[in-house]
Amino acid sequence: MFKKEEKILVNLGQRLKQARLERDDSQKDFAFRIGISIPTLQKMEKGSPQVAIGTWVRAMGILGRLEDIEVLLAPKKSLADRYASYQKTGTRQRASKRKS
């Protein structure tokens with residue numbers, strides 16, 4: 001894994017642990033709420049890339065932070081803006097062709 005990604009995951013894990021502690025939840029209680037084992041929660045809190053994104057989504061939901069997940073890959077333009085652009089140009093926005 002790349003250094004930048006590792007650092008991001010470690011920071012995310014630390015913030016998850018901090019949020020859990022602020023709620024005064026033990027690892028056992030928080031893991032139970034998410035539906036995972038304590039070792040999996042420990043992996044999350046250490047920033048392991050092996051934890052499934054679905055597990056993170058459940059944890060974020062319990063913490064009341066699902067909206068944070070929503071903005072990760074949110075479109076830069078609203079649907080209305082994209083539609084207006086289409087109306088003006090008559091062309092849809094497409095991904096570039098991959099070079100082989």
Quiz item: When the Karplus curve 6.51 cos²θ - 1.76 cosθ + 1.60 is applied with θ = phi - 60°, which whole-Hz ³J(HN,Hα) does each residue of segment 53-62 get, with x for Gly and Pro?
Solution: 4, x, 5, 5, 5, 4, 5, 5, x, 4
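Helix-only estimate, please: 222 nm mean residue ellipticity of the chain, summing -39500 (n - 2.57) across DSSP H runs of length 4 or more and dividing by its residues, to the nearest 500. Write out the running numbers ahead of the final one.
On the way: 6 runs with 63 residues, N = 100.
Calculated from helices alone, the mean residue ellipticity at 222 nm is -19000 deg cm²/dmol.
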Quiz item: For the chain, what's the relative contact order in percent, using C-alpha pairs closer than 8 Å and at least 6 residues apart?
Solution: 24 percent
Exercise. Inverting the mean 1/r over all pairs of different Cα atoms, compute the Kirkwood radius of segment 3-70 and quote it in Å.
Key: 11.9 Å
Practice problem: Step through the residues of segment 69-74 one at a time and calculate ³J(HN,Hα) from phi using the Karplus curve (6.51 cos²θ - 1.76 cosθ + 1.60, θ = phi - 60°), rounding each to whole Hz and writing x for Gly and Pro. | Solution: 5, 4, 8, 4, 10, 5
Quiz item: Angle, helix 3-22 long axis vs. longest principal axis of the chain, Cα atoms, 0 to 90°, nearest 10?
Solution: 50 degrees
Quiz item: Per-residue HN-Hα couplings for segment 30-41, Karplus 6.51 cos²θ - 1.76 cosθ + 1.60 at θ = phi - 60°, whole Hz, x for Gly and Pro?
Solution: 5, 4, 4, 4, 6, x, 10, 7, 4, x, 5, 4
Exercise. Arrange THR89, THR40 by Cβ neighbour counts within 10 Å, fewest through most, would you?
Key: THR89, THR40
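Here, each number is a calculation from the coordinates, and none is a lab measurement. Quantities reported herein were computed from a predicted structural model and do not represent experimental measurements. No Cβ is skipped: glycine too gets one built from the backbone with ideal geometry, and neighbour counts run over all protein chains shown.
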